[in-house]
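To start, the structure itself, in C-alpha cells.
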Amino acid sequence: MIELFFVTCLIGQPEVCKDHSLLFEERNGLFSCMLRGQNELAQWVETHPGERVQQWKCRYAGEGERRA
C-alpha cells in the first residue's frame, strides 16, 4: 500500500500537531499518490477548517515516522 502521510497543526495553536495518513492501492504507485495527493489534502482541509497541513509526502505504508 502507498500512504499519503501528512502533518496538520491547529490554526489557533500551531504548536499542536497531529499525524495523519490516507492509503492508496499500490498498483497506482507513488507517482499516482503524488498526482492525487494535493487534491486529497484539499478535500481533507475542507472538512477540517480549524487545521492546516504543515507537510505531506507519499511513501510506502509504515515506512517511517513523522517529519522524516
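Can you pull out every residue in the range 19-39 that is within 12 Å of PHE5 (Cα to Cα) and small (Gly, Ala, Ser)?
Within the range 19-39, SER21, GLY37 qualify.
Give the number of residues within the range 1-33 that are modelled with pLDDT under 90, over 14 Å from ALA61 (Cα atoms) and surrounded by 12 or more Cβ atoms within 10 Å (Cβ to Cβ).
Residues in the range 1-33 being modelled with pLDDT under 90, over 14 Å from ALA61 (Cα atoms) and surrounded by 12 or more Cβ atoms within 10 Å (Cβ to Cβ): 1 in total.
Which residues, taken from the range 34-59, are of a type in the set (D, E, K, R) and at pLDDT 90 or above?
Listed by number, the residues that qualify are GLU40, GLU46, GLU51, ARG52, LYS57, ARG59.
The values are calculated or read from the model by the stated rules, or taken from the named source; none is laboratory data. Predicted model, so just to flag it, every value in this text is computed and none were measured. Counting neighbours? That spans all protein chains shown, and the Cβs are built from the backbone with ideal geometry, glycine included.
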